[in-house]
Amino acid sequence: MNKVFVSIIVFFLTGCAEQRIIDDLALINAVGYDVTDNEKNPLKLTVTFPIITKDGKYDRKTILVEGKSSKEAREKVRMKTNLKLESGQMRVSLFGQEIANKGMLPLLNSLVRDPSIGTRAKLALAEDEASDILMLQIKNEGQNATYLEQFLTKLNRESLRTNYNIYQFLRDYYDDGIDPILPVFRVEKNNIAYNGIGLFQEDKLVEILKPSEARYLFLFREEMKQGNFVEQIDVGEEEKASIMLNYELKEHHIKIQSSSTNPKKASIYIKLIGDVIEYTGKEEISDPKIQKKIEKLITKKIQQEGKELIVKLQKLQVDPLGINRYVRNKMNYKEWKALDKYQSYQDMNINIEANIIINSSGKWK
Amino acid sequence: MQMKEKLSPFQASILIYLIQSGVTLFFLPRLVAEAFGTNGWIGLIIISIIVNMNLFLIWLVFKISKGKSMLEIISIFPKWITLPIFLFIAGVWLLLGVFVMVKFCMILRVLFFGNVSLIYLLSMAYILTYMLLKMDLYQIAKSTVVLFYFTIWTVFLLAFHLPEFSFIRLTPFIFKGETDMLKGGVNIFTALLGYELSILFIHMIERKQLKSLIAGNTITSIIYLGVTFVSYGFFSFEQLIREMYPVVTLLGYISFPVLERVENFTFSVFGLKVLMTTVMYLWGTKELLQYQFKKIKSTILLIGILIISFFVSFIPKVIKDVEQWLTYITYACTAIAFLLPIFLLITVLFTKKLNRMSANE
């Protein structure tokens, strides 16, 4: 009897919680942050969530408000919908270029402080305005949020692995030896397209790398394990050929040569093994001699263009490769804390030592 | 209540592990980072060794007294002497047991179930506590084994964090950055508290008493060490210091193919561990009070303890208050953990000497 009584009480206790009916919820799946010219309300917040229309169709609603802070703006959004706002399903946060230039930390802080938002929510930058991307109606595409989420997951799975979520961004921000990066999207002929990588110094956006430059960036970051390499190479006098490799990153390490020298020297070693997918040159690519020659050409190309990119990064004083982490691991604590990290990074002499090996020429001789 | 059945060493180890691991686990990595700075996980090993020494002390009491229980040793004192001491210890244990649960429920509310009233959560907890405490220790130990298998799988979730783990992030610096070794160290030590209750049941363990106690503490330490080590390589150091509940974030970061935000579930499962901590501290309270007040029926005593616990739970209104309370209580508890076995040891040696003297006369 006692047990029955107790179980009845326990059973009924569960009914005391508040009910949430899914039809009455506005499950926000993406937010966008921009700056406005309005001094009083400097933040423009775009919120989008799926709705079911009266005739039973799946649709979305996008609300745009201006406010003082992200949560204050969210309160304004609350006044603009008949549904109950929920942030638990937020998948993507987009940041406009201008607001990212000013620093993302305040906005990220309010995201990470809110327990209803998971740390795996993805982050991305918008060229110009985040609201443009979220407001865009792509025919037959439905939710822009799901589109972006899928896009980011795809980039991540393919060769463009960056700091995509709140956790990763904050991790690299708070790490004193590496700077975060974020992918950039823009509106392009009624479509949302990937358009490069935003480089950050601390939490401020410094520069956007074009997709063609960003390729090398990913080659030198350790997280990436495989990818495609398409390049024009000079095969002979006045002769160019296009080659595409499906490669696997076999080795990747960064070495700092002796800690006391100034300027410091660093080397990035990478070893790629690749299969040729396309080659437009005249020679037989299956010939080992030609392969050796092409390996050399590609190695030269990567070392040259990679060096250019790294010099650019050094000039901008951004360290998305995390070279400073390796510098740190060569020093003692006092020296490291006394070091002017960005200055020493800029003065550093960074070499690339690439080793490319062609594995096969595909299934055609 | 006479104990007929004895605890097997395995049950004793698991009992120790489940009493020890409580609500502190969720923010232990941050505590370690605040206390020991970079690579603070090494410090955990030192603290675990201190706990083992304390366990050795408890075992020594048991060994020298030739298998007597604590209550038997203490019975040479008149009741009016033991009364204030026992009331104090019982009070500290009761408060610790209660506030650990209150804190868990409050965190649960902040993070996941913001709309559920604290009364409901605590009522559920106390109903379960009552059902467990009604039994004797052997029955409780049996259910701990079940709860152990319910919760131990969560350890393997750490494997999900390996892709984001990086040794470079650990940095080569040991115990650098802003550190607070002493105060922070004591704070971390409190995360391992709970083992001191073994002084009440060491004589009920069938065999290999010392080994099983140390094994229990080792399980806890290994889990704590694993979680902290993974946190150090998963978060960057400054981020770890800013994460309020790093382990909740760790749990939240896991993604399954179909399920989103699994931490809601895993965190609630952790509640079973917290429940065991509460149950065992209240059990300790009950044993002590039962010894003092032999005339009160045990069921009435139990209900009395639970009613007091229930009302005490609502004294602190916010997490900050609970934390403040817990800080003082755990300090008191740490003192008890060391002083009680020493006191007993002196008593045993003194009694032996007295006996020998009286035998000689």
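Remarks
- Just one of the listed residues (B:GLY114, B:GLY184) is among the small types (Gly, Ala, Ser) and under 30 Å from B:ILE46 (Cβ atoms), namely B:GLY184.
Conditions tested, residue by residue: (1) touching a residue at least 40 places away in the same chain (Cβ under 8 Å); (2) farther than 17 Å from B:GLY252 by Cα.
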position: A:GLU75; (1), (2): no, yes
position: A:PHE95; (1), (2): yes, yes
position: A:GLY103; (1), (2): yes, yes
position: A:ARG120; (1), (2): yes, no
position: A:LEU125; (1), (2): yes, yes
position: A:ILE133; (1), (2): yes, yes
position: A:LEU152; (1), (2): yes, yes
position: A:GLN168; (1), (2): no, no
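- A:ARG120, sole failed condition from (1) more than 14 Å from chain B (Cβ to nearest Cβ); (2) under 30 Å from A:PHE218 (Cβ atoms); (3) of a type in the set (Lys, Arg): (1)
- In region B:8-54, of all residues being of a type in the set (S, T, N, Q) and touching a Lys or Arg at 6+ places or on another chain (Cβ under 6 Å), the one that is surrounded by the fewest Cβ atoms within 10 Å (Cβ to Cβ) corresponds to B:THR38.
- Checking each residue of region B:170-192 against the condition of being modelled with pLDDT under 90 and more than 30 Å from A:TYR174 (Cα to Cα) gives no match.
- Checking each residue in region A:22-47 for being assigned to a strand (DSSP E or B) and either surrounded by 22 or more Cβ atoms within 10 Å (Cβ to Cβ) or among the charged types (D, E, K, R) (or both) picks out A:ALA26, A:ALA30, A:VAL31, A:GLY32, A:TYR33, A:ASP34, A:LYS44, A:LEU45, A:THR46, A:VAL47.
- Residue match in region B:229-238 (condition: among the hydroxyl-bearing types (Ser, Thr, Tyr), within 24 Å of B:TYR130 (Cα to Cα) and open to solvent by less than 10 Å² (accessible area, probe 1.4 Å)): no
- Enumeration of residues in region B:174-213 that are open to solvent by 50 Å² or more (accessible area, probe 1.4 Å), over 21 Å from B:ARG30 (Cα atoms) and out of contact with any Pro (no Cβ under 6 Å at 6 or more places or on another chain): B:GLU206, B:ARG207, B:LYS211
- Residue count for region A:170-190, restricted to those that are more than 14 Å from every other protein chain (Cβ to nearest Cβ) and at pLDDT 90 or above: 7
- Looking at region A:238-344, the helices (runs of 4 or more DSSP H) lying wholly inside it that each contain 3 or more residues that are open to solvent by less than 40 Å² (accessible area, probe 1.4 Å) sit at A:288-316, A:323-328.
- If the condition is being more than 14 Å from A:GLN97 (Cα to Cα) and of a type in the set (Asp, Glu), then region A:151-207 contributes A:GLU158, A:ASP172, A:ASP175, A:ASP176, A:ASP179, A:GLU188, A:GLU202.
- B:LYS294 within 28 Å of B:ILE199 (Cα to Cα) and free of Cβ contacts under 8 Å to residues at least 60 places away in the same chain: yes
- Applying the criterion of being within 11 Å of chain A (Cβ to nearest Cβ) and among the β-branched types (Val, Ile, Thr) to the residues of region B:119-140, the residue that is farthest from B:SER8 (Cα to Cα) is B:ILE119.
- Total residues in region A:155-169 satisfying the condition of being among the hydrophobic types (A, V, I, L, M, F, W, C), open to solvent by less than 10 Å² (accessible area, probe 1.4 Å) and either modelled with pLDDT of 90 or more or more than 21 Å from A:ASP132 (Cβ to Cβ) (or both): the figure is 2.
- Qualifying residue in region B:263-275 (condition: free of Cβ contacts under 8 Å to residues at least 24 places away in the same chain, loosely packed, with under 15 Cβ neighbours inside 10 Å, of a type outside the set (D, E, K, R) and on the phi < 0 side of the Ramachandran plot): yes
- Those residues of region A:48-83 which are assigned to a loop (DSSP other than H, G, I, E, B), in contact with a helix residue (DSSP H, G or I) (Cβ under 9 Å, 6 or more places away or on another chain) and over 24 Å from A:LEU105 (Cα atoms), in sequence order: A:ASN82, A:LEU83
- Residue that is modelled with the lowest pLDDT [pool: residues in region A:1-42 that are within 14 Å of another protein chain (Cβ to nearest Cβ) and in contact with an Asp or Glu (Cβ under 9 Å, 6 or more places away or on another chain)]: A:ARG20
- Within region B:148-159, residues that are closer than 11 Å to B:LYS273 by Cβ sit with their Cβ atoms under 6 Å from residues that are open to solvent by 40 Å² or more (accessible area, probe 1.4 Å), at 6+ positions apart or across chains, in these pairs: B:PHE150/B:LEU272; B:THR151/B:LEU272.
- Residues being hydrophobic (A, V, I, L, M, F, W, C) and assigned to a strand (DSSP E or B) are entirely absent from region A:104-122.
- Qualifying residue in region B:330-351 (condition: farther than 30 Å from B:VAL102 by Cα, among the hydroxyl-bearing types (Ser, Thr, Tyr) and either in contact with a strand residue (DSSP E or B) (Cβ under 7 Å, 6 or more places away or on another chain) or surrounded by fewer than 18 Cβ atoms within 10 Å (Cβ to Cβ) (or both)): yes
- Scanning region B:99-113 for residues that are more than 8 Å from chain A (Cβ to nearest Cβ) and open to solvent by less than 40 Å² (accessible area, probe 1.4 Å) gives B:PHE99, B:VAL100, B:MET101, B:VAL102, B:LYS103, B:PHE104, B:CYS105, B:MET106, B:ILE107, B:LEU108.
This table checks each residue for (1) touching a helix residue (DSSP H, G or I) at 6+ places or on another chain (Cβ under 8 Å); (2) open to solvent by 10 Å² or more (accessible area, probe 1.4 Å).
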| site | (1), (2) |
| --- | --- |
| A:SER116 | no, yes |
| A:ALA126 | yes, no |
| A:THR146 | no, yes |
| A:THR153 | no, yes |
| A:ARG171 | yes, no |
| A:PHE185 | yes, no |
| A:LEU199 | yes, no |
| A:VAL206 | yes, yes |
| A:PHE220 | yes, no |
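- Qualifying residue in region B:225-232 (condition: within 10 Å of chain A (Cβ to nearest Cβ) and assigned to a helix (DSSP H, G or I)): no
The values are calculated or read from the model by the stated rules, or taken from the named source; none is laboratory data. Here the structure is a predicted model, which means the values were calculated and not measured. Heads up, the Cβs are rebuilt from the backbone with ideal geometry, glycines too, and the neighbour counts pull from every protein chain shown. Accessible surface areas use protein heavy atoms only, side chains included; no ligands, DNA or RNA. Shrake-Rupley method; radii C 1.70, N 1.55, O 1.52, S 1.80 Å.
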